[in-house]
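Chemist: Can you keep this structure in mind? I'll have questions shortly.
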Amino acid sequence: MPHIDDPQTQRANMNYIKASMRQPLLTRDREFELAHRWRDHGDEDALHDLVKAYARLVVSTAARFRNYGLPMGDLVQEGNVGLMQAAARFEPDRDVRFSTYAAWWIRSAMQDYILRNWSIVRTGTTAAQKALFFNLRRLRAKIEDASASSLTDEGRRKIAEELNVEVRDVEGMEMRMAGGDQSLNAPIAESSEDSWQDFLSDTRPNPEDVVIGLRDSRTRSVWLAEAIGALSPREQTIIRQRRLTEEGATLEELGRQLGVSKERVRQLEHRALMKMRSSLTRYVQSGDEVFLED
């Protein structure tokens, strides 16, 4: 679903882009000097000059990702975050130009932003899925007619081989990219006042069912407490530790605790359960509207 900047934001973005493109390029020696001043002495003026000179790299990278329907200003902001990360980690002594190093950080920051915001459904988490998301359109245009409604089986197979993914992954990504997110508040037709959300069923219980459920739950709790209270102390211990704890005690553990065999514990548990069932059945048969559940 495309995002559109308001006119004021668009003007601010254009001014930033123009200012960035007017910045002079740095020579290798000047870049080396600025990087050393920032890394070794924490010179913020040097950092500012270094980052400002390569803001054009952020702008040019953002332009490559405009087809994903996200605001240009947001892409530039994310790219600037990547540029700052590159400046913080750059090692000038490795004889690599800062622009080469920063390009990776800028592109990575923008790609992560696109994956987070292109759809409310998470698009890709693995490296292979990310590569598929960002290369599917390019490879489709290279292999087949991009104007076709969908890829052929042969086209999917070639893309899967190119990106080292499964054919089903290509099919799934193709389907997700073919249909973007749509608002549930959107009208179902131009001449209709009904929106898509008007036809969604509410599966939540109604207030009457909630009240009845709470009342029934309280009643069952009272019944259960009274049924347990009618047991002997030893039977209560077995029921509570075997049936009413998240990790029930074993027959052997209770046998050691009570000083009896585990077979005797099993017999006592069975007898206690029969007593409780008899008590609960009497409550149900007394005419209360709450029913005993298995």
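Chemist: Identify the residue in region 85-129 that is outside any helix (DSSP H, G or I) and among the aliphatic types (A, V, I, L, M) and, among all such residues, is modelled with the highest pLDDT.
Modeler: Step by step, filter region 85-129, then rank; the result is V96.
Chemist: Any residue at all in region 222-239 that is farther than 15 Å from M274 by Cα, free of Cβ contacts under 8 Å to residues at least 40 places away in the same chain and under 40 Å from the mean Cα position of the chain (by Cα)?
Modeler: no
Matching residues to (1) among the hydroxyl-bearing types (S, T, Y); (2) at pLDDT 80 or above; (3) assigned by TED's automatic domain parsing to the domain that holds T281; (4) in contact with a Gly (Cβ under 9 Å, 6 or more places away or on another chain):
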{"residue": "L151", "(1), (2), (3), (4)": "no, no, no, no"}
{"residue": "Q197", "(1), (2), (3), (4)": "no, no, no, no"}
{"residue": "L231", "(1), (2), (3), (4)": "no, yes, yes, no"}
{"residue": "T237", "(1), (2), (3), (4)": "yes, yes, yes, no"}
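Chemist: Can you say whether E263 is part of a loop (DSSP other than H, G, I, E, B) and either loosely packed, with under 14 Cβ neighbours inside 10 Å or not hydrophobic (A, V, I, L, M, F, W, C) (or both), as far as the supplied structure shows?
Modeler: It is false that E263 is part of a loop (DSSP other than H, G, I, E, B) and either loosely packed, with under 14 Cβ neighbours inside 10 Å or not hydrophobic (A, V, I, L, M, F, W, C) (or both).
Chemist: Name the pairs whose Cβ atoms lie under 7 Å apart, with the first residue in region 18-41 and assigned by TED's automatic domain parsing to the domain that holds F98 and without any contact (Cβ under 8 Å) to a residue 24 or more places away in the chain, the second part of a helix (DSSP H, G or I) and surrounded by 13 or more Cβ atoms within 10 Å (Cβ to Cβ), and 6 or more positions between them or separate chains?
Modeler: L34/A46; L34/D49; L34/L50; R37/A46
Chemist: Please enumerate the residues belonging to region 24-61 that are crowded, with 19+ Cβ neighbours inside 10 Å and in contact with a Pro (Cβ under 8 Å, 6 or more places away or on another chain).
Modeler: The answer is E31, A35, A53.
Chemist: Looking at (1) surrounded by 14 or more Cβ atoms within 10 Å (Cβ to Cβ); (2) part of a helix (DSSP H, G or I), can you tell me which one Q8 breaks?
Modeler: (1)
Chemist: If L132 satisfies every condition in (1) outside any helix (DSSP H, G or I); (2) under 28 Å from D112 (Cα atoms); (3) modelled with pLDDT of 70 or more but one, which is the exception?
Modeler: Checking L132 against (1) outside any helix (DSSP H, G or I); (2) under 28 Å from D112 (Cα atoms); (3) modelled with pLDDT of 70 or more, the one that fails is (1).
The values are calculated or read from the model by the stated rules, or taken from the named source; none is laboratory data. Remember, predicted model here, so these are calculated numbers, not experimental data. As a convention, Cβ positions derive from the backbone with ideal geometry for all residues, glycine included, and neighbour counts pool all protein chains shown.
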